[in-house]
Amino acid sequence: MTVTAPLPRIIPVAEDAVLLEFSQQIEPQLAPVISAWAVAIRQQLGQLLTDLVPSYGSITVYYDLTSADFRLIISLLKTIPEKLSRQPAQRPGRLVELPVWYHPSVGPDL
């Protein structure tokens with residue numbers, strides 16, 4: 001099984017950042033797509049990255065201005081779909097459940 005990903009809209013958001021917008025809404029089915037893109041971006045851009053911020057419908061890519069410019073980053077990002085079509089989908093992460101106790105004795109502000 002391979003990752004079939006919608007192509008994101010690429011939006012410049014700062015002199016050192018671009019936003020890859022997959023959706024403007026929260027769509028749970030996009031989680032594995034965004035995760036696969038984040039892994040592929042880290043592999044493709046490597047040392048050019050200063051930060052990578054995945055969210056529910058987008059990924060913000062921050063890059064080092066001393067090593068890359070907007071055009072280079074965009075050209076590298078445009079090669080990601082080709083790489084995703086050749087790699088198997090990753091299994092979802094593990095579920096972590098945290099117990100919660102709501103009681104006036106431990107949370108008087110509740």
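Taken together, the values in this text are just the output of simple stated rules run on the coordinates, not laboratory data. All values derive from a computational prediction rather than experimental measurement. Cβ coordinates were reconstructed from backbone atoms using ideal geometry, including for glycine residues, and neighbour counts include every protein chain displayed.
Peptide packing: for 9-21, 29-41, 97-109, the average count of neighbouring Cβ atoms within 10 Å per residue gives the ranking 29-41, 9-21, 97-109, highest mean first.
Seen from every direction in turn and averaged, the convex hull around the alpha carbons of the chain projects onto 9.7 nm². Note that the range 65-72 has calculated 3J(HN,Hα) couplings of 5, 7, 10, 8, 10, 3, 4, 5 Hz, one per residue in order, obtained from phi through the Karplus relation 6.51 cos²θ - 1.76 cosθ + 1.60 (θ = phi - 60°); glycine and proline are x.
Annotation: the residues 66, 79, sorted from fewest to most other C-beta atoms within 10 Å of their own C-beta, follow the order 66, 79. Only Lys, Arg, Asp and Glu carry charge here, each on its Cβ (+1 for the first two, -1 for the last two); on that basis the range 9-86 has a dipole of about 320 debye about its Cα centre.
Adding -39500 (n - 2.57) for every DSSP H run of four residues or longer, then dividing by how many residues the chain holds, sets the calculated 222 nm ellipticity at -8000 deg cm²/dmol.
Relative contact order, whole percent, for the chain stands at 31, derived from Cα pairs under 8 Å and 6 or more residues apart. A DSSP coil position with no more than 12 other Cβ atoms inside 10 Å describes the following trypsin sites (Lys or Arg not before Pro) in the range 30-104: 78, 94.
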